[in-house]
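Take a look at the structure set out below.
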Amino acid sequence: MSFSPVLSFYRAASSALGAFAGLYLNDRAKRGKEDAARLGERFGRYTQTRPAGTLVWLHAASVGESGVALALIEALAAQNASLSFLISTGTRTSAELIARRMPARTTHVYVPLDRADCVRRFLAHWQPDVGVFVESELWPNLILEAEAQGVKLALVNARMSPRSLKRWTRWRAAGRRLVGAFSYVSAADARTKDALAELRPAPLGAPGNLKLAAPAPLVDAAARATLTEQIGARPVWLAASTHAGEDEIILAAHNLLRADFPDALLIIAPRHPDRGGFIASLADEAPMRSTGAGPDSHGVYIADTMGELGTLYDLAPVSLVAGSLLPHLKGHNPIEPAKLGSAILTGPYVESFQDLFAAMSAAGATVIVTDAASIAAHVAELWRVESQRAKQLEAARSVTAQGADAFERTVDAVIGLIPSTTPQQSTANASA
């Protein structure tokens, strides 16, 4: 295995800077970025007991990857009912998603800091038999220590942005060392597969995006029915996962729409719900869902709650997938509205989901908008011309159907890494 000065420097630096980790995490906890009650998990200290038998560990960075990981857990459990699962994530939003959708025999933990001592405590406590990394969050210490402990590793749905590709090209030895630690590697798209093939001599799994096969977000039927009754016959559209600086553009678009549709309703679901109050002030004190208010006669409704995006996509005939209107943003997952029958608009800045948007754009499943005027024009067209909306929705459905084969191949590959016989693991773990 090739030597990498970059990895050697990283491992030394992560150890040297580890003394400041407590201060860093405490500050994040004060700002709501960490769960203060579970900070010990970030240092590899866990109160949960390791289940006996074979344990499959899946690591997912955030919400989108967590959806894929949960779908894999359900499929793996269906094939082998004796398996137990550990899912590690790094964000509070992903933890909240998993808490709502936790499959049987599954434990959620926060991933440890990528510091050697924290990682070793994590591995000593959980002793996973297989580790599955979803997409592209490759923590060097976590990967190399797991490999050293004999954990069979898989990297699935790997996805590299153009920026990531440049970085791996520059740090080729580090990339070869990390990618070489995995027994199985599959890519979400051909671009990433080609890049990984240069770093890894072993064969790669056929490309295919697992997010295409992920189930649609949950829809709360009761909440949807209530909202439908409150909205009535008003034309409605959704701006989903908005970021600072986008709300003003979206509100300007809605003002243009109301010239022709005076009773139109815009639902804004901010990516970070704590921005709800600020957005309400921009929109002349629009009602906020977090306060228990419903969409009244006001033209704007702020859906500043967690876990309801599926319900809102299912409700809205047209949705702007935000996080895409400004150059510093990188887009959000378009598969969720596609699977729930909401016609998709997006801004041009979608680097994090470039592969998905490219496929959907080629199929005619999305419309790219750049400013308030283009947003208003396309929302109005999709409201007025039902045949156009239906054609766009059918194109989106055809794209999302392509993920099934890749998903099945991935499940088979992970099953193949699981030891046929695993010694009974002790529940008395070395978690000191």
Under 28 Å between alpha carbons, and skipping anything fewer than 8 positions from LYS193 in its own chain: which lysines qualify? LYS152, LYS166, LYS211, LYS330, LYS339
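Once you have the Cα-Cα distance between ASP27 and VAL219, take 0.36 nm times their residue separation minus that, and quote the gain in nm to one decimal.
Details: separation 192, 0.36 × 192 = 69.12 nm, distance 3.47 nm.
Gain on extension, ASP27 to VAL219, equals 65.7 nm.
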If you take Rg and Dmax of the Cα atoms in Å from the coordinates, which of (1) 25.6, 82; (2) 35.5, 115; (3) 22.6, 70 do you get? (3)
Contact order relative to length for segment 221-403, counting C-alpha pairs under 8 Å separated by 6 or more residues, stands in percent at 21
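Tally Lys/Arg at +1 and Asp/Glu at -1 over every other residue whose Cβ is under 15 Å from the Cβ of GLN127; what's the total?
Numbers: positive: ARG50, ARG120, ARG121, LYS152; negative: ASP129, GLU145, GLU147.
In short, +1.
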What ranking do HIS378, HIS298, HIS272, HIS332 get, fewest neighbouring Cβ atoms within 10 angstrom at the top? HIS272, HIS298, HIS378, HIS332
Put a dot 7 Å past each Cα toward the Cβ at GLU229 and GLN48; how far apart are the dots in nm? 3.8
Relative contact order (percent) for segment 5-207, with alpha-carbon contacts under 8 angstrom and 6 or more residues of separation? 19
Mind listing the long-range amide H neighbours of VAL318? Cut-off is under 5 Å, sequence gap 5 or more, other chains count too, H placed in the peptide plane at 1.01 Å from N. LEU238, ALA343
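Report the GluC sites (Glu not before Pro) located in segment 80-177 that are in a DSSP loop and have at most 16 other Cβ atoms inside 10 Å of their Cβ, or state none. Each step should come with its number before you reach the end.
Working: sites: GLU96, GLU135, GLU137, GLU145, GLU147; in loops: GLU135, GLU137.
Listed in order of number, the matching sites are GLU137.
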Sorted from largest down, give the three principal axis spans of the alpha carbons of segment 5-207, whole angstrom values. 44, 42, 30
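Within a Cβ distance under 13 Å of ASP35, other residues only, what is the Lys/Arg minus Asp/Glu net charge? Don't skip to the end; give the middle numbers.
On the way: positive: ARG28, LYS30, ARG31, LYS33, ARG38, ARG42, ARG92; negative: GLU34, GLU41, GLU96.
Spelling it out: positives minus negatives among the neighbours equals +4.
What does the charge add up to near VAL151, with Lys and Arg as +1, Asp and Glu as -1, over the other residues with Cβ less than 12 Å from its Cβ?
Working: positive: LYS152; negative: ASP129, GLU145, GLU147.
That works out to -2.
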For ILE415 and ALA78, compute 0.36 nm times the residue count separating them, minus their Cα-Cα distance, and round to one decimal in nm. 120.2 nm
Below 8 Å, C-alpha to C-alpha, sequence gap of six or more: please give me the relative contact order for the chain in percent. 16
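On full extension of the chain, what length is gained from ASP117 through HIS298, given 0.36 nm per residue of separation minus the C-alpha to C-alpha distance? Working shown, then result.
Details: separation 181, 0.36 × 181 = 65.16 nm, distance 5.44 nm.
Between ASP117 and HIS298, full extension yields 59.7 nm more.
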Relative counts (whole %) of C-alpha pair distances in segment 221-403, using bins that are 5 Å wide: 1, 9, 19, 23, 23, 16, 8, 2, 0
In nanometres, what is the gap between the two model label sites at THR93 and ALA358, each 7 Å from Cα along Cα-to-Cβ? 2.4
The chain, helix-only ellipticity at 222 nm - DSSP H runs n ≥ 4, -39,500 (n - 2.57), divided by all residues, nearest 500: -13500 deg cm²/dmol
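If I take R0 = 30 Å and measure r between the Cβ atoms of THR370 and SER281 in this structure, what FRET efficiency does the formula 1/(1 + (r/R0)^6) give, to the nearest 0.05?
Working: r = 26 Å, r/R0 = 0.86.
Efficiency, rounded to the nearest 0.05: 0.70.
Coordinate-derived values only; no laboratory data. As the structure is a prediction and not an experimental result, all values here were calculated from the model. Positions of Cβ are backbone-derived with ideal geometry, glycine not excepted, and every protein chain shown enters the neighbour counts.
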